[in-house]
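Working notes, beginning with the structure itself.
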Amino acid sequence: MTPAEEVSTTGSRARGVGPGVVVADLSKDFGDGPVVDGVTFEAPRGAQTALVGPNGSGKTTLLAVAAGLLDPTSGRVTVMGATAGSIEARAVTSFVPDNPVLYDDLSVMEHLEYVARLHGVRQWRPRAQELVERLGLAARADDLPSRFSRGLRQKTAIAVALARPFGALLIDEPFVGLDQLGRTALMEFLAEASADGASVLVATHQRDYLAVAQRCVGMLDGTVAFSGRPDDDAVSDLLD
Amino acid sequence: MPGSTGGGAGTAAADVAALRRLRRRRKLRHVDKWRVVYRIYLLLVVAGVVLLVLTGIGGVVRVPVKEQGAARLLGAPLVGLAYALAIAAAVRSGSRGGPLVLEPADVHFVLQAPVDRRSVLRPAATRALARGAAWGATAGCAAGVVASRAVGGSEAEWILWAGMSAALAGATAVGAGLVGSGVRIGQRSAAAVATALVGWSVLDVMGGRVTSPLSALGAVAVWPLSPHPLDLVAAALAPAAALAALTTVGGLSVEASARRAALAGLVRFSASTFDFRAVALFRRQLAGERVRRRPWFRLPPSESARVSPVLRRDMHGTLRWPLARILRLLGLGMAAGAACVAAWSAAVPIVAVAGVLGWVAALDASEGLGQEVDHPDRLASVPRPAGWVHLRHMRFAAGVLVVPALAGAAVAVVIAGSGVAVLALTTAGTAVLCSAAAAAITVLREPAGPGDLAPAGEMAGMAILVRELLPLAVATAGFVPVSMDRLAFLGGRPPLPAALNAAFFVMLAPAAVLGWVHSNGRVPQAARQPESASS
């Protein structure tokens with residue numbers, strides 16, 4: 001049974017077996033020197049891991065490699081034991097990029113249906129309804145996100161990422177542009193996902209997220225400068 | 001989500017197909033039928049003009065019977081060389097994830113879904129192969145028309161064979177590109193394959209023989225000249241490439257696809273607004289062409305007031321050009337030289353091809369001017385009229401263009417003999433100035449606005465067409481001495497004085513553009529691209 005076929009027996013939405021997101025000696029070089037250089041850490045299942053660091057420290061690149069959107073130059077990322085980008089890893093990895101990527105000609109609900117069905121979910125509607133209501137998108141569910149504001153597009157991207165089963169949730173700067181309702185809902189979703197056994201990895205500059213995260217990885221100049229509890233003083237230094 | 005997951009890759013692929021059908025139906029519902037009809041009308045007008053130019057409006061000259069032996073000897077390998085260049089470009093594109101261009105959302109959702117990528121990419125690959133064949137067939141048919149006029153024979157026969165051969169070559173090129181991206185060929189390996197293909201064809205041209213499969217495919221195009229049934233075996237190239245492409249397409253790199261998806265959209269948008277400077281910029285990024293981190297060499301520091309800061313800025317920028325851009329500029333110059341020889345030998349209207357090549361080269365050479373337009377705030381802070389700055393950028397661009405122009409003149413002399421040296425050098429001079437002027441018009445002119453659409457309604461499209469053809473007309477004017485030389489030769493008059501006279505009058509075009517640039521010294525109102533888009 002591949003990780004993609006395994007469905008959590010806890011009744012959760014979390015999918016997959018094995019450890020969470022494991023980054024092993026990862027490097028990524030676009031040709032101008034390494035953006036990520038020898039990074040090693042683990043974002044375990046059932047926990048929220050905050051990925052922090054100043055601009056240009058390599059957080060977005062690292063998440064994109066973990067999501068299978070970028071090929072590593074060296075090293076490896078596994079998600080639930082499957083190599084990032086493989087069909088097994090794609091089945092268990094849900095990724096929200098910092099800039100929402102959405103179809104121009106699909107409504108919010110059509111996005112949710114499409115992505116859920118791509119991931120083999122037949123009864124997608126109840127979950128989709130729940131997501132749009134909790135994110136405050138219910139009134140706009142049949143509208144085109146291409147005409148939305150940045151915040152509404154961000155909410156749509158979050159809903160799309162949560163509408164399908166996953167074992168690892170990777171989110172890049174999810175709080176940018178969100179109103180209070182959206183921020184609260186997102187915090188709840190992240191807590192539910194980790195409680196369901198998913199590995200949640202969030203790249204952020206938001207200090208208040210550190211209060212709910214169980215682990216923190218701090219990056220600086222493409223390397224891991226810190227790995228441990230989010231209330232450590234070293235984390236504050238990285239965020240300043 | 002127990003109970004709610006189900007199906008496999010096949011079901012998901014079926015979902016993708018169903019959604020595509022839904023989206024297509026929805027798009028068709030919102031299509032403005034009259035707009036489509038109007039676009040078809042415009043397309044037909046353009047096609048008619050191109051056909052008229054190709055057939056030469058009386059300017060097409062039949063290749064004399066005594067020279068038809070050479071045409072027979074070189075026809076197949078020359079066509080094969082053209083195919084080799086197309087396939088080489090496709091393989092290089094494959095090394096960068098081409099030629100497929102997916103929607104960014106498709107890259108993000110479909111390629112990231114647990115679906116067999118080969119099954120979801122196959123329809124797109126099939127469409128790309130069909131497009132390649134269609135473009136090839138179109139070009140082949142057009143070439144068939146020209147060939148039938150130039151060397152005689154049945155027009156229908158020429159169109160049939162040239163169209164079929166080029167269609168197969170088009171499909172082969174797209175297939176080769178798809179295989180390249182599917183197997184994730186490295187850029188160096190792609191360059192090696194491209195060099196081998198082109199090198200083999202060049203050897204065939206030099207030896208006047210058909211040894212490479214692409215020369216054999218070229219022989220199919222010139223079938224009316226000398227039919228060799230064995231050459232038909234080369235037709236198997238296209239299905240073989242297509243089969244290999246459809247088998248390997250699933251290996252496409254998501255990273256390369258995401259990059260192409262983002263940039264191809266920008267290229268299309270820029271092209272739709274006729275912003276060709278932006279098209280050139282984004283095309284370079286699409287090709288992965290990046291300026292060098294370190295210049296080829298550093299200029300010594302200068303504090304002399306006599307050295308223009310614009311000149312130094314342009315030299316700094318040019319010294320960071322990647323090798324690919326330098327080679328492209330030289331290649332464009334050499335191709336323009338070859339086109340001039342073809343125009344003199346076969347069909348005078350081919351100078352328009354040289355004009356297009358010169359214009360493209362000049363867009364590359366005018367990078368400093370383009371950067372100035374991209375960053376209008378900087379220009380606004382310069383205590384000089386913008387025209388003063390622009391003219392100096394133009395001067396530098398013309399200086400850079402001298403190199404490819406001399407390369408083109410050398411090619412013409414190598415092909416046609418030293419007797420054409422004066423004509424080649426004269427044309428090089430006019431081509432440099434006219435091409436630089438044409439690029440300046442393209443870069444400096446504001447994109448078409450409501451004012452340009454004054455003859456509203458059905459004439460608006462035609463007005464834009466004329467407006468956008470102006471730079472090409474100016475660039476082509478630089479090659480008019482070649483045309484006049486040929487026409488004088490045919491008319492029994494001394495050709496060189498005719499060419500020199502033409503050169504004198506041609507210089508009026510860049511002079512007029514210089515005057516326009518000087519007097520049009522306002523700072524552009526809006527940046528075309530954000531700073532991050534600079535090359």
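The values are calculated or read from the model by the stated rules, or taken from the named source; none is laboratory data. For clarity, every value in this text was computed on a predicted model and none was experimentally measured. Virtual Cβ from ideal backbone geometry, glycine too; neighbours counted across all protein chains shown. Only protein heavy atoms, including side chains, enter the accessible area calculation; ligands, DNA and RNA are left aside. Shrake-Rupley method; radii C 1.70, N 1.55, O 1.52, S 1.80 Å.
Couple of notes before you dig in:
- Scanning the stretch A:170-203 for residues that are closer than 20 Å to A:VAL77 by Cβ and aliphatic (A, V, I, L, M) gives A:LEU170, A:ILE171, A:ALA193, A:ALA198, A:VAL200, A:LEU201, A:VAL202, A:ALA203.
- One residue stands out among those in the stretch B:289-312 that are open to solvent by 90 Å² or more (accessible area, probe 1.4 Å) and modelled with pLDDT of 85 or more: the one that is nearest to the chain's Cα centre (by Cα), which is B:TRP296.
- Only one entry in B:ALA244, B:ALA236 is among the small types (Gly, Ala, Ser), surrounded by fewer than 22 Cβ atoms within 10 Å (Cβ to Cβ) and farther than 30 Å from A:ALA84 by Cβ, namely B:ALA236.
- In the stretch B:208-239, residue farthest from the other protein chains (Cβ to nearest Cβ) [restricted to those that are more than 27 Å from the chain's Cα centre (by Cα) and assigned to a helix (DSSP H, G or I)]: B:PRO229
- Close pairs (8 angstrom Cβ cut-off, 6 or more residues apart or separate chains): aromatic (Phe, Trp, Tyr) in the stretch B:130-150, crowded, with 20+ Cβ neighbours inside 10 Å anywhere: B:TRP135/B:GLY170
- Criterion violated by B:ARG26 - all others in (1) modelled with pLDDT of 75 or more; (2) away from chain A (no Cβ under 14 Å) satisfied: (2)
- Total residues in the stretch A:111-131, condition under 21 Å from B:ALA17 (Cα atoms) and surrounded by fewer than 20 Cβ atoms within 10 Å (Cβ to Cβ): 4
- Enumerated helices (runs of 4 or more DSSP H) restricted to the stretch B:336-428, each holding at least 3 residues that are open to solvent by 40 Å² or more (accessible area, probe 1.4 Å): B:351-365, B:376-380, B:386-416
- Count of residues meeting criterion [within 17 Å of B:ALA409 (Cβ to Cβ) and outside any helix (DSSP H, G or I)] in the stretch B:461-518: 2
- For B:LEU327, the stated conditions hold: it is modelled with pLDDT of 90 or more and either open to solvent by 30 Å² or more (accessible area, probe 1.4 Å) or not in a helix (DSSP H, G or I) (or both).
So that you can scan it fast, the table gives a plain yes or no per residue for (1) modelled with pLDDT of 90 or more; (2) at positive phi; (3) part of a loop (DSSP other than H, G, I, E, B):
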| site | (1), (2), (3) |
| --- | --- |
| B:PRO99 | no, no, yes |
| B:ALA143 | no, no, no |
| B:SER148 | no, no, no |
| B:GLY163 | yes, no, no |
| B:THR172 | yes, no, no |
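- Subset of the stretch A:100-127 [in a helix (DSSP H, G or I), within 8 Å of another protein chain (Cβ to nearest Cβ) and of a type in the set (A, V, I, L, M, F, W, C)]: A:VAL115, A:LEU118
- Identity of the residue in the stretch A:132-153, within 21 Å of the chain's Cα centre (by Cα) and within 13 Å of chain B (Cβ to nearest Cβ), that ends up least open to solvent (accessible area, probe 1.4 Å): A:PRO145
- Test result for A:SER194, of a type in the set (Ser, Thr, Tyr) and surrounded by fewer than 16 Cβ atoms within 10 Å (Cβ to Cβ): no
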